[in-house]
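Following: one structure in structure tokens, then a few remarks.
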């Protein structure tokens, strides 16, 4: 074998290894983000700025499911309009007034996820659990009617995303809002559904 050819082998192998590592990193990143749905940002739905924020240490222990007890929505415009109304209600009418919309994320009937306070900010949605939970609210009233499948799927994808991002513990517990205080939330029809999901527990 040519001496020069032999001398080039280590360099070639090094380049091959670099390419393999780069390819593996790309595949891992794609896998880690595969479960994460696209999220409509606060600016995109027209959120008001919060009056104050409290940082939340992650990963947290709980996911708590809510419904907004409003009308439903099927487009970004109609969902955004409801979100602005919910935020205004939380910030203007609650006693005491909230500093922002109470939920971490909200799920529209259009199958999209809408940013509430976000992963790293403590919510105001479940007394005694706010500092250790992610609050996900379904836009609509689900006491008697079921959410559409796209809305349910988006919520499940968001939960998987939270685990992959390290915002939610892998051994998290899933609760309905009614399990944290006296309320009908998240509505009987939705509550019956989430009781069939992995990690729902009857013992908070």
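The values are calculated or read from the model by the stated rules, or taken from the named source; none is laboratory data. These numbers were taken from a predicted model, which means no experiment stands behind them. Using ideal geometry, Cβ is built from the backbone for each residue, glycine included, and neighbour counts are taken over all protein chains shown.
Quick notes on this one:
- Number of residues in the stretch 30-57 that are farther than 15 Å from residue 121 by Cβ and either at pLDDT below 95 or surrounded by fewer than 14 Cβ atoms within 10 Å (Cβ to Cβ) (or both): the value is 12.
- Candidates 101, 134, filtered to the one that is assigned to a strand (DSSP E or B), buried (at least 24 other Cβ atoms within 10 Å of the Cβ) and at pLDDT 95 or above: 134
- Positions within the stretch 157-194 being under 22 Å from residue 140 (Cβ atoms), assigned to a loop (DSSP other than H, G, I, E, B) and either touching a residue at least 12 places away in the same chain (Cβ under 8 Å) or within 16 Å of the chain's Cα centre (by Cα) (or both), in sequence order: 180, 181, 184, 185, 186, 187
- The residue list 117, 76 contains one member that is touching a strand residue (DSSP E or B) at 6+ places or on another chain (Cβ under 9 Å) and crowded, with 17+ Cβ neighbours inside 10 Å, which is 117.
The rows are residues; the columns are (1) within 21 Å of residue 204 (Cβ to Cβ); (2) touching a residue at least 60 places away in the same chain (Cβ under 8 Å); (3) within 18 Å of the chain's Cα centre (by Cα).
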position	(1), (2), (3)
58	yes, yes, yes
66	yes, yes, yes
69	no, yes, no
75	no, no, no
78	no, no, no
94	no, no, no
102	yes, no, yes
127	yes, no, no
139	no, yes, yes
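- Residue match in the stretch 142-157 (condition: surrounded by 21 or more Cβ atoms within 10 Å (Cβ to Cβ) and closer than 24 Å to residue 52 by Cα): no
- Residues of the stretch 60-83 that turn out to be touching a helix residue (DSSP H, G or I) at 6+ places or on another chain (Cβ under 7 Å) and either at pLDDT below 95 or assigned to a helix (DSSP H, G or I) (or both), as a count: 2
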